[in-house]
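Inspection log for the structure reproduced underneath, given as structure tokens.
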Amino acid sequence: MPSVTGPVVQPLTPPAGSTINFGATVTGIDIENLTDADFAIICEALFTHQVLIFKGQSHVTPRTQYELTNRFDPAATSYGHGKTVDAKRSILHPDLKTIPHQPQVQVIGNGFVPEYEGLKNIQLRHPHHKTFHATTIPETDDLTHTRFYRWHIDAAFYGLAPPIVTTLLAVKVPSGRRQICRYDDGSGDELSVPLGTTAFVSSYTSYDILSPPDQEFARTTKVEYAPHPYIWMSGAKSRPDGLGMVSEGKEIPLEDLPPIEEDKVQILPMCWKNPVTGKLALQVHPSAIRKLHLGDGTIVEDLKEVRDVVHRLQRPGIGPEHVYAHDWEEGDFVLFYNRGVLHSVVGAFAESEVRLFRQCNVAASELPVGPDEE
Ligand SMILES: [Fe+2]
């Protein structure tokens, strides 16, 4: 007879109008007291479903969060975005605070927090699209309407391999109103989302819905990322759908970046292979891209062209029907396969709305595997 207390992996039921085919809720597991058998189930489920949701995990310590994150790649030890040489100039800088006794775990959120895990009097700021997008939603609509802030993969894309997983724990969540997330790209697309949702899309779906010629292009093309990408892009602004940058020549010139070590510049396959299912993910961090290396040896260096090509390939995959917008509740622990999804912060909080999350990822010990590699 099956145990009633054993782990159960239940794939998400898509809401009306949604075609999502990823994500699962896992019950019957206490992350703070994980057995080897539990971990084996989580591992298999993660590579199959990409986003795993565990409810009621408020008691999980920062140390346990780090240990679970690191367990997917025990040889990995450093923070997933790397120690930025020139942190103040990086676009990631304002959003991250580190837990003193567990520095691989960061605190993110919104509002003033007097004390948390050794951090005192911290002012958190949920990123608002007006700080990153080229155009903005009018002030009068700002509480009711929002945008995807930045679709991304959690990774340095310079010197360090992209983390395999990211874990997020919702410690404090303001009570729920909803917002309309606008694409504002001429498509008329929009999506009703819970306030402060984290949005996910499956990069397997993004690949699967491409035409056969585009799939072949994606399988045979490599993406070169900018050196020090988060400093490089800091002068530029995002498209309104959060899926890459507009091209206005505002990137920081290479000679003004911290010293560039050529061997740290990353050229990665456009498609990353799932280690369990063998499926291909169209997996590109659109804001950080700089060049394309085509299958015939051509290198596309025109930045606008590079971005237009990648946007054309990735945009169908973030269509409203493909987005999973997680409705956070306190105690939710979400583990996602950072090499198989893109995700984005969404929403605009009022100053008085306090939100506190813990996030952890660690740079991997190996680069992702492309379509033709084992
Ligand atoms: Fe992220």
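Only the coordinates and a few stated rules stand behind these numbers; no lab work does. Here the structure is a predicted model, which means the values were calculated and not measured. Virtual Cβ from ideal backbone geometry, glycine too; neighbours counted across all protein chains shown.
Each peptide in 156-166, 54-64 gets a packing score, the mean of other Cβ atoms within 10 Å over its residues, and the list from highest to lowest is 156-166, 54-64. The packing ranking of peptides 131-141, 42-52, highest mean first, is 42-52, 131-141, where packing means the average number of other beta carbon atoms within 10 angstrom of each residue. If you take all other residues with their beta carbon under 15 Å from the beta carbon of ALA37, and give Lys and Arg +1 and Asp and Glu -1, the sum is -3. In this structure the amide hydrogen of LEU342, modeled in the peptide plane, comes within under 5 Å of the amide hydrogens of VAL201, SER203, none closer than 5 places in sequence on its chain. The calculated 222 nm mean residue ellipticity attributable to helices in the chain amounts to -4000 deg cm²/dmol, summing -39500 (n - 2.57) over DSSP H runs of n ≥ 4 and dividing by all residues.
Take the Cα radius of gyration of the chain and divide it by 2.2 N^0.38 Å, N being the number of residues; the result is 0.94. In straight-distance terms, cross-link reach from LYS222 covers every one of the lysines whose alpha-carbon lies under 18 Å from its own, apart from those fewer than eight places away in the same chain; here that gives LYS264, LYS273, LYS279, LYS291, LYS304. Using the Cβ of VAL246 as centre and a radius below 10 Å, the other residues enclosed give a net charge of +4, where K and R count +1 and D and E count -1. First check a/c for the range 94-205, with a ≥ b ≥ c the square roots of the eigenvalues of its C-alpha gyration tensor; if it is under 1.5, answer rounded, and if not, answer prolate when a/b is larger than b/c or oblate otherwise. Here the range 94-205 falls in the oblate category.
Each residue in ASP308, ASP372 was given a count of other beta-carbon atoms within 10 angstrom of its own, and listing them fewest first yields ASP372, ASP308. Averaging the Cα positions of each part gives two centres, and for the range 100-121 and the range 13-47 these lie 27 Å apart.
Of all aspartates and glutamates in the structure, the ones whose alpha carbon falls short of 15 Å from that of LYS250, not counting any fewer than 8 places away in one chain, are ASP302. For LYS97, nonlocal amide neighbours, meaning residues 5 or more places apart or on other chains whose placed amide H falls under 5 Å from its own, are VAL107.
In plain terms, the residue of LYS172, LYS120, LYS264 with the fewest other Cβ atoms within 10 Å comes first and the most crowded comes last, giving LYS120, LYS264, LYS172.
Taking amide H as placed 1.01 Å from N in the peptide plane, the amide H of SER18 sits under 5 Å from none that are at least 5 places away or on another chain.
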